Amino acid sequence: MLAFSKYHGCGNDFIIIEEWHQDLSRLAQKLCHRTTGIGADGLLAVTRKPCTMRIFNSDGSEAAMCGNGLRCFVKYCIDQGMAESEISSIETKAGKIKVMDISHDPFSCTIDLGKPDCKASSMAIDTTESTFMHQKLFVSDRLLSLSSVFIGAVHTVLYMDDIGIASMDSLGAQLCSHPIFKDRTNVDFVRVMDEHTIELITYERGVGITAACGTGACASAYIAVRDGKCVSPVAVLLPYGKLIVDVGDTIRLKGPAVKIAQGYWQEY
């Protein structure tokens, strides 16, 4: 049997295990299945020394990094008795991530996701332009204006004033797998509320519509500030909570993480 814990960050939920030697991609698909498994958006595999996090989406694909997952990872480490100094930086496939400003009751922390990368070549976008900002693309008979940025993952942001979840799911899937994005993309649907507040729904690559996406919140806030629609810090409103994004020389994300359950999974 496999010991696991389950956490969520603003509704973005993860199963956390101490990494073990087998096919983690296949394991993620089984554990994350909402009907036949435990159910989650992703699987976090932990090693303690060095402090390392690997993340697998529910479809088994491995992601380089995840903002909500990182906060859940930090909360898990603290619950396991690790000192804050031991988790001041976390190794991910996107590099070393700094952790700061940890609060305990209720839990929250800030993670520094580094500098955004707007180069189209870094995101494997099939374009002759050096960046992919305010680019026009026809999808489902809509002419969309899209902006893409890499903040731990590739995100494509578009402003949507009035569109239903069902339409977001369909449109998100089409954009995610559009041939112009050779490695696929996450898709962020943003509504600007005021200069310090946005609402966000994310279609996550390898998952679908999610309740929250930390890197998506950072990408959306960054694009909104870059476009002059918002001023930092930006509150990102999500169906199950709120994240705060500070857009400066680097991108900093602050938010909560909550333990849901722990137990043992018996492979079938």
If the Cβ limit is 8 Å and pairs must be 6+ apart or interchain, which residue in segment 179-197 that is under 17 Å from D227 (Cα atoms) pairs with which residue that is open to solvent by 80 Å² or more (accessible area, probe 1.4 Å) and modelled with pLDDT of 95 or more?
-> V192/K229; E195/K229
What is the number of the single condition among (1) basic (K, R); (2) in contact with a Pro (Cβ under 9 Å, 6 or more places away or on another chain); (3) part of a strand (DSSP E or B) that R71 does not meet?
-> (3)
Could you check S147 against (1) outside any loop (DSSP other than H, G, I, E, B); (2) touching a Leu at 6+ places or on another chain (Cβ under 6 Å); (3) crowded, with 19+ Cβ neighbours inside 10 Å and say which number it fails?
-> (2)
Could you tell me whether Y222 is closer than 20 Å to L238 by Cα, of a type outside the set (A, V, I, L, M) and touching a Pro at 6+ places or on another chain (Cβ under 7 Å)?
-> yes
Residues of segment 26-67 being in contact with a His (Cβ under 8 Å, 6 or more places away or on another chain) and open to solvent by less than 20 Å² (accessible area, probe 1.4 Å), which ones?
-> G39
Are there any pairs with C-beta distances below 7 angstrom linking a residue in segment 214-238 that is part of a strand (DSSP E or B) to a residue that is of a type in the set (D, E, K, R), with the two at least 6 apart or on different chains, and if so which?
-> A235/K242; V236/K242; L237/E199
In segment 77-107, anything without any contact (Cβ under 8 Å) to a residue 40 or more places away in the chain and among the aromatic types (F, W, Y) is listed as none
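I'd like to know if segment 127-139 contains one or more residues that are within 23 Å of G241 (Cβ to Cβ) and open to solvent by less than 10 Å² (accessible area, probe 1.4 Å).
If we filter segment 127-139 for residues that are within 23 Å of G241 (Cβ to Cβ), which is where we start, we get none.
For segment 127-139, residues within 23 Å of G241 (Cβ to Cβ) and open to solvent by less than 10 Å² (accessible area, probe 1.4 Å): absent.
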Residue pairs qualifying under the 6 Å Cβ cut-off, at least six apart or on distinct chains, with the first in segment 250-268 being over 24 Å from D105 (Cα atoms) and the second being in a strand (DSSP E or B) and acidic (D, E), are T250/D112
Identify the single condition in (1) open to solvent by less than 60 Å² (accessible area, probe 1.4 Å); (2) hydroxyl-bearing (S, T, Y); (3) out of contact with any helix residue (DSSP H, G or I) (no Cβ under 8 Å at 6 or more places or on another chain) that S177 does not satisfy, given that it satisfies every other one.
-> (1)
Residues being under 25 Å from G248 (Cβ atoms) and of a type in the set (S, T, N, Q) - total across segment 122-159 = 6
Members of segment 150-160 found to be open to solvent by 10 Å² or more (accessible area, probe 1.4 Å), among the hydrophobic types (A, V, I, L, M, F, W, C) and more than 13 Å from the chain's Cα centre (by Cα), listed by number | M160
Among (1) surrounded by 24 or more Cβ atoms within 10 Å (Cβ to Cβ); (2) at positive phi, the one test that G228 misses = (1)
Could you figure out which of (1) within 15 Å of the chain's Cα centre (by Cα); (2) open to solvent by 10 Å² or more (accessible area, probe 1.4 Å) isn't true of A221?
-> (2)
Among the numbered conditions (1) among the polar types (S, T, N, Q); (2) modelled with pLDDT of 95 or more; (3) open to solvent by less than 70 Å² (accessible area, probe 1.4 Å); (4) within 30 Å of A28 (Cβ to Cβ), tell me where T210 comes up short.
-> (2)
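Do we find that T110 is free of Cβ contacts under 8 Å to residues at least 24 places away in the same chain, out of contact with any helix residue (DSSP H, G or I) (no Cβ under 6 Å at 6 or more places or on another chain) and β-branched (V, I, T) in this structure?
Numbers: free of Cβ contacts under 8 Å to residues at least 24 places away in the same chain: no; out of contact with any helix residue (DSSP H, G or I) (no Cβ under 6 Å at 6 or more places or on another chain): yes; β-branched (V, I, T): yes.
No: the conditions fail for T110.
The values are calculated or read from the model by the stated rules, or taken from the named source; none is laboratory data. Here the structure is a predicted model, which means the values were calculated and not measured. Note: ideal-geometry Cβ built from the backbone for every residue, glycine included; neighbour counts use all protein chains shown. Remember, those area values only see protein heavy atoms, side chains included, never the ligands or the DNA or RNA. Shrake-Rupley method; radii C 1.70, N 1.55, O 1.52, S 1.80 Å.
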